[in-house]
Amino acid sequence: MSDLQTLESSTLTAIAGATDETALEAVRVGALGKKGTISALLATLGKMSPDERKTAGAAINALKDKVNEALTARRTVLKDAALEQRLASETVDVTLPVREAASERGRIHPISQVMDELTAIFADMGFSIAEGPDIESDDYNFTKLNFPAGHPAREMHDTFFFEPDAKGERKLLRTHTSPVQVRTMLASQPPIRVICPGRTYRCDSDQTHTPMFHQVEGLVIDKSAHLGHLKWVLEEFCKAFFEVPNVKMRFRPSFFPFTEPSMEVDIQCRRSGGEIRFGEGEDWLEILGCGMVHPNVLRNCGLDPDVYQGFAWGMGIDRIAMLKYGMPDLRPFFEADVRWLSHYGFRPLDLPTLAGGLSA
Amino acid sequence: MKFTLSWLKDHLDTTASLSEIVETLTRIGLEVEHVIDPTEKLKDFTVAYVIDAKQHPNADRLRVCMVDTGTGTPVQVVCGAPNARTGMKSVFSAPGTYIPGKDMTLGKGVIRGVESNGMLCSAAELQLSEDHDGIIDLPDDAPVGARYVDYAKLGDPVIEINLTPNRPDATGVHGIARDLAAAGLGTLKDHAIKPAAAAFPCPVNVKLDFAAEDKHLAPMFALRLVRGVKNGPAPEWMQQRLKSIGLRPINALVDITNYVTFDRGRPLHVFDAKKVAGNLVVRRAKDGEEVLALDGKTYTLKSDNVVIADDKGVESIAGIMGGEHSGCDDATTDVLIESALWDPMNIARSGRALGIVTDARYRFERGVDPAFCVPGAELATKLVMDFCGGEPSELIVAGEQPKSDTAIDFPLSEVQRLTGLELERSEMVRTLEKLGFGVISQSTNADRIIVKVPSWRPDVEGKADIAEEIVRIAGVDNVASVPLPRIDTAVPKPILTLLQKRTRQARRALASQGLVEAVTWSFVSKEQAEGFGGGQPALALANPIAADLSDMRPSLLPGLLKAAQRNADRGFGDVALFEVGQIFKGDGEKDQRMAAATVRRGGSGRAWNAKATPVSVFDAKADAMAMLAALGVPLGGLHIVSGGQANLPAWLHPGRSGTMQFGPKNVIGWFGEFHPRTLEMLDVDGPVAGFEIILDDLPAPRAKPTKVKPKLELSDFMPLERDFAFIVDRSVKSADILRAVQAAEKVLISGLNVFDIYEGAGIPEGRKSVGVTVTLQPREKTLTDAEIEEVAGRIVAEVTKKTGATLRG
């Protein structure tokens, strides 16, 4: 074996034996550095005859290329190995749980959600939202709404009163959101299209009644709105709200002091277990009261009943929430039990829209 | 209002089935609440003849009966009743029959070795009475094989109507029949009531003793004596009807008054004439006057109540309940029949004040037909004479029948205007006439009629009422749905007010912070109201439903704090609740504000990668800031004023809370940990923190002519950060340091933050180190070291000047 072959063999063995980049660099310097074995061979070329140089030069350069190649290859191998090792050392247990995001825990109360749903539906139908105070005068809550003083219909309302003031007037907690209708009619000119959602109060507490509850009423006043329009609005509302293609409704003549004619409305449904389905079945479920605004109410609100006419309706927000989302009882709505709220509440970004569907 | 089908048929000639009647009643506004049809549960029980009853071979107490059930083939039945005997007639049920009294379906059986193919029944097994001592014993003429329910006339279905307060006429079966007849379900039977022939003058006189302004309290009072009556049980049919509707038969005279009350909506009263001293006076009660009423209770009256009195005192509370003293019993021989009219409002008020609910009050407060006052007395007289005999006096009438002559000028087109329903003129007129309205056509105008309202319909006052009568009988279901035309056919415009929008956004923002929305009562206890700045008398309910729900809430916080504690008591200690709702600062309209509030209790909970931290003032502040940011409130002008200052509410921890305000006047809310005394008062244990912000008080965004956002300015130069550690007194607020930094350099500073707070070794006692990082954003050119040093120097100088800081070495 020639010296060159020996050198090649020993250098390549050294390269292959280098276990890290430092060792490999030492081999490189030993062979190709200024004082390296191959550099030393190259330095001898100058003293050679041209012929010798031609042969030897080619051989030495070939050796140099081979060594460089081996160095590069070995370096890649070592680098990959080092990376492997680093990755292995960085490994964590990805099955560890992460903290629940705040938006995962937060909830919107079903009443707020249903109010947003009502808003989406009625805004599209051209209604705005009117609001009024919870503490009302007897005049707005009863008298202007055609409840004669002392009439039995007032008794049916179980009103919460405050103590009479210095003038002997006693305020009350509104028993319905109808005073907002009065305020709307007094403050604006027809055409009027509003819904009035809000808290209402009756001195009543049992399995199905709470002293505080939520109502939404609607009011349409113009020169031609009639019972047929009212039926259409309520049918369209029920389809949109319950998200069913069809509903069947039954309008029963009834009595409210502030409407004439007055009706109670039942919606056809099927009950099975705890679930209620609308648009099918044989049962009737009462869901709202409605009617044409009483001429006395129009007059009391400064509108001529021979010129203006319209209709109004009212229903329980809590109740329609229960019907749609299946809460069996009313009382837990106001008990702030996080188990109930987390279960029946809605995620913060479940924003009801008509375009995206009211409920997810 | 309850009645039976047969009772209805006394007034209505009809072939309609029960279900048609029930359906129609609901359709025309007399909502049927319940129908109890005894036929349904008893339809399979038949009359049977016991051909032979022999001792059971294996049981002393049993008999083996051969029973003729009308099919021709005798049936063998084992019977345990002591009264089972040969030749009797009883009630039989075949195998497969549901036995209501036992809640089981009868099967074939072998009893002690003898086959039994049915059962002979006791009244208890049919749920007809409590009697289960033996099987039903029927008279010999009972027809074998007939349905027992038909034979015993038990099949009279009871109908209960949920009557609306506007329909006094339907408090009587006759009025209900009139409505059904108008709806096409038959013909109303008109029972003419003949006045009794008076045999003698009425020996008792009546005086309506009222001041001129009180005449309306008792406009009319009819009275008659029937002497020589023999009181006792009313006829079986009347008792049966009264029992069907839940009334207890007492004696014929009393039962007659109850019967006419339901039959005609005409309450009556009967006095035992021998117990009445002298003449009757109808008057206001004297304050403090007492009466022992028929319900056995003594009532203390006030001058608001109207009474019927004799020489000895009050005999009856007018229109509400008679007195015990002059009540009729089996010994009564002379009876005074009263048929009177009372003021509906007075009866309603008196009844409510005295707490008496009777069938008479129910009718008088709705308005009893004034024209039926005298006929009612005559009807009662006839029934008394039919059942009890006797001789009638003449009928005396004090006062007079109030006029009921409402006439309404009604354009028939009103029906279409209000309901959209197109009806033939003839149909509308026919409906009104069948309901008892008088209709006068006008020759000059075919559309207009004059409608005369019958005396029994005080609720009908105007055109809308007439339209309702026509439409309810025509059927509201026949009104076609018509799309409501849009006022504006364009894409719907936004409709929410700023506050409505912010209320909605606040909820979503707080839920996104991980808080759960609660809806708590608008009322709290007086103590809680006072503890949160409320409790003024104007906001205290006169009739609270419970002592702890007595005052309108001045804040959402007490409700949320109590709710958080309730959850903790159930084992959920880490709770985060919020509410967005109304609070009350006074009873005026403007005193009702819309607030958003949170309460966090407990802590963050343990996790493998983070320590469990208890909630603190900074959780509350973070929630508040997140909500304000989400609402788009410009926060530049927001000042956080530390606790301990004058306007900080007493319910917050003075050292761990802050006031949020825009300028010195506009306080929008507070955040912080709660005062230990407040928590103690509410019985809440910590750690708890929260905030409350009044959404009405938030500044409105500036109105802008377009939606274009301001131009984005991007610098070409790298921003750089410099850190400063200031040593200041412990009491120095970080906000003051940051404000000083900001003031030192108004152009270059683009960011500012506190990255470290340190007290302890290396820092003098009573002082702290505040690490502030300042981001400088060069605008024109890269800053030189000298320029940076110059800015830093100015910052240090300004902070030192404002806060007495030294730079940490």
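The values are calculated or read from the model by the stated rules, or taken from the named source; none is laboratory data. This one's a predicted model, so the numbers in the text were calculated from it and none came from an experiment. Heads up, the Cβs are rebuilt from the backbone with ideal geometry, glycines too, and the neighbour counts pull from every protein chain shown.
Condition check ((1) of a type in the set (Gly, Ala, Ser); (2) more than 8 Å from chain B (Cβ to nearest Cβ); (3) surrounded by fewer than 20 Cβ atoms within 10 Å (Cβ to Cβ)) across all residues:
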| residue | (1), (2), (3) |
| --- | --- |
| A:Gly106 | yes, no, no |
| A:Met115 | no, yes, no |
| A:Ala123 | yes, no, yes |
| A:Gly126 | yes, no, yes |
| A:Pro133 | no, no, no |
| A:Tyr140 | no, yes, no |
| A:Phe162 | no, no, no |
| A:Arg170 | no, no, yes |
| A:His176 | no, yes, no |
Answer residue from segment B:398-417, given it is assigned to a helix (DSSP H, G or I) and within 29 Å of B:Asp369 (Cα to Cα) and is farthest from the chain's Cα centre (by Cα) among those
B:Glu414
Exactly one condition in (1) modelled with pLDDT of 90 or more; (2) in a loop (DSSP other than H, G, I, E, B); (3) not assigned by TED's automatic domain parsing to the domain that holds B:Pro558 is false for B:Ala703; which is it?
(1)
Mind listing whichever residues of segment A:277-296 are without any contact (Cβ under 8 Å) to a residue 60 or more places away in the chain and closer than 15 Å to A:Gly316 by Cβ?
A:Leu285, A:Glu286, A:Ile287, A:Leu288, A:Gly289
Do you know which of the residues in segment A:208-264 that are among the acidic types (Asp, Glu) and crowded, with 22+ Cβ neighbours inside 10 Å is farthest from the other protein chains (Cβ to nearest Cβ)?
A:Glu217
Residue that is nearest to the chain's Cα centre (by Cα), among those in segment B:521-539 that are hydrophobic (A, V, I, L, M, F, W, C) and part of a loop (DSSP other than H, G, I, E, B)
B:Trp521
Identify the single condition in (1) surrounded by 18 or more Cβ atoms within 10 Å (Cβ to Cβ); (2) in contact with a helix residue (DSSP H, G or I) (Cβ under 7 Å, 6 or more places away or on another chain); (3) assigned to a loop (DSSP other than H, G, I, E, B) that B:Val599 does not satisfy, given that it satisfies every other one.
(3)
From the list B:Ile256, B:Ile250, which residue is in a loop (DSSP other than H, G, I, E, B), surrounded by 15 or more Cβ atoms within 10 Å (Cβ to Cβ) and not basic (Lys, Arg)?
B:Ile250
Answer yes or no as to whether A:Arg193 is basic (Lys, Arg), assigned to a loop (DSSP other than H, G, I, E, B) and within 12 Å of another protein chain (Cβ to nearest Cβ).
no
From the list B:Phe523, B:Phe532, exactly one residue is more than 7 Å from chain A (Cβ to nearest Cβ), crowded, with 22+ Cβ neighbours inside 10 Å and either among the β-branched types (Val, Ile, Thr) or over 22 Å from A:Glu131 (Cα atoms) (or both). Which is it?
B:Phe532
How do the pairs read when you match residues in segment A:344-360 that are on the phi > 0 side of the Ramachandran plot with residues anywhere that are assigned to a loop (DSSP other than H, G, I, E, B), using Cβ under 9 Å and keeping only pairs 6 or more apart or on different chains?
A:Gly357/A:Glu243
Restricting attention to strands (runs of 3 or more DSSP E) lying wholly within segment B:131-230, give those where 3 or more residues are more than 35 Å from the chain's Cα centre (by Cα).
B:206-208, B:220-227
Residue identified as in contact with a Phe, Trp or Tyr (Cβ under 6 Å, 6 or more places away or on another chain) and either surrounded by 17 or more Cβ atoms within 10 Å (Cβ to Cβ) or of a type in the set (Val, Ile, Thr) (or both) among B:Thr806, B:Thr773
B:Thr773
Residue within segment B:550-569 that is more than 25 Å from B:Gly672 (Cα to Cα) and at the interface with chain A (Cβ under 9 Å from one of its Cβ atoms) present:
no
On the basis of being assigned by TED's automatic domain parsing to the domain that holds A:Ala81, surrounded by fewer than 16 Cβ atoms within 10 Å (Cβ to Cβ) and modelled with pLDDT of 90 or more, does A:Thr55 make the cut?
no
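Condition check: surrounded by fewer than 17 Cβ atoms within 10 Å (Cβ to Cβ), part of a helix (DSSP H, G or I) and out of contact with any strand residue (DSSP E or B) (no Cβ under 6 Å at 6 or more places or on another chain). Does B:Lys501 satisfy that? Before you say what the answer is, go through the steps one by one.
Values: surrounded by fewer than 17 Cβ atoms within 10 Å (Cβ to Cβ): yes; part of a helix (DSSP H, G or I): yes; out of contact with any strand residue (DSSP E or B) (no Cβ under 6 Å at 6 or more places or on another chain): yes.
Considered against the rule, which asks whether it is surrounded by fewer than 17 Cβ atoms within 10 Å (Cβ to Cβ), part of a helix (DSSP H, G or I) and out of contact with any strand residue (DSSP E or B) (no Cβ under 6 Å at 6 or more places or on another chain), B:Lys501 comes out as yes.
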Out of B:Ala509, B:Ala546, B:Ala518, B:Ala542, which single residue is more than 29 Å from the chain's Cα centre (by Cα) and either surrounded by fewer than 23 Cβ atoms within 10 Å (Cβ to Cβ) or touching a residue at least 40 places away in the same chain (Cβ under 8 Å) (or both)?
B:Ala509
